[in-house]
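Laboratory data are not the source of any read-out in this text; all were calculated from the coordinates shown. Just so it is clear, the model here is predicted, and its values are computed rather than measured. All Cβ positions, glycine included, derive from the backbone under ideal geometry; neighbour counts span all protein chains shown.
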Amino acid sequence: MANLGNRYAHALYQLAKEQDRLDEFLQQAIFLRASLKQDGAINILMHPLITSAEKFAFVDNVFGATLLPDLLGFLKLAITKNRENFILPALKRLIYRIKKARGLITARVISASALTDTQKQQLSQKLSAKLGKQVEINVIVDPSQIAGISVLVDGYFLDRTVKTMLRGMKEHIT
């Protein structure tokens, strides 16, 4: 059953590829995922006391005019089969697959303070040159890092935070 989200994502990816609309599917999947997460809209689709007819009406009212028919059909199929809990994992996997096919990757950067747009752009350019892929930067601010950054991208992890350096010094002393 855990594979079901992957199967939905694979089917949507194949549709996008066959129609030569990967970029459109990517934009819409990102929009849909963010919309469903925002204000807990996914909870409406997953609520057991809300009927399928009410869920269909909600989907049509909110997304009917903006979503591609294939993505709208995916939502309705998930509702029909009572598999609403697979919607977000399928969208996440679809986004990942399309980005990978387009040579796009996302770097997760943890920093003690927010990075400026210039810093993000410079980091993106350096990582892109190093990895040979277009790198998007997703910054998570964590003041407990004290200073410095850690970067997780494409299976690589680089940690240059003061917190880690202090921990290393502590271990060396003891």
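In this structure the amide hydrogen of Thr161, modeled in the peptide plane, comes within under 5 Å of the amide hydrogens of Ile149, none closer than 5 places in sequence on its chain.
For a Förster distance of 45 Å, can you work out the FRET efficiency between the beta-carbons of Ser144 and Asn6, rounded to the nearest 0.05? After rounding, the FRET efficiency stands at 0.85.
Given only helices, namely DSSP H runs of n ≥ 4 each adding -39500 (n - 2.57), what is the per-residue ellipticity at 222 nm of the chain, to the nearest 500 deg cm²/dmol?
-18500 deg cm²/dmol
Taking the alpha carbon gyration tensor of the chain, multiplying each eigenvalue by 5 and rooting it gives semi-axes of 37, 20, 15 Å, largest first.
Taking packing as the residue-averaged number of other Cβ atoms within 10 angstrom, the listed peptides 4-16, 96-108 run from highest to lowest as 4-16, 96-108.
Give me the net charge for the shell around Ala16: Cβ to Cβ below 10 angstrom, other residues only, Lys and Arg +1, Asp and Glu -1. Cβ neighbours under 10 Å give a net charge of -2. Under 5 Å between amide hydrogens, built in the peptide plane, is the criterion, and for Ala112 it picks out Asp142, Gly148 among residues at least 5 positions away or on other chains.
Please report Ile137, Ile173 as a ranked list, fewest other C-beta atoms within 10 angstrom at the top and most at the bottom.
On the way: Ile137 19, Ile173 6.
So the ranking, lowest neighbour count to highest, is Ile173, Ile137.
Backbone N atoms of the stretch 101-123 closer than 15 Å to the 7 Å Cα→Cβ label point of Lys130 belong to residues 105-111, 120-123. The mean sequence separation of alpha-carbon pairs under 8 Å and at least six residues apart, normalised by the residue count of the stretch 8-134, gives a relative contact order of 32 percent.
Here each label is just a point 7 Å from Cα along the line to Cβ, and for Asp60 and Tyr96 those points are 3.4 nm apart. Here's how it looks for Glu136: its modeled amide H is under 5 Å from those of Ile105, Thr106, Ala107, which are all 5 or more places away or on a different chain. What residue among Leu71, Leu131, Leu94 shows peak mean-square fluctuation when the chain is described by a Gaussian network model with Cα springs under 10 Å? Result: Leu131 has the largest fluctuation of those listed. Spin-label model, His172 to Arg160: label points 7 Å out along the Cα-to-beta-carbon direction sit 1.7 nm apart. Remark: Lys81, Lys55 ranked as Lys81, Lys55, counting other beta-carbon atoms within 10 Å and listing the fewest first.
Peptides 115-124, 163-172 ranked from most to least packed, by the mean per-residue count of other Cβ atoms within 10 Å: 115-124, 163-172.
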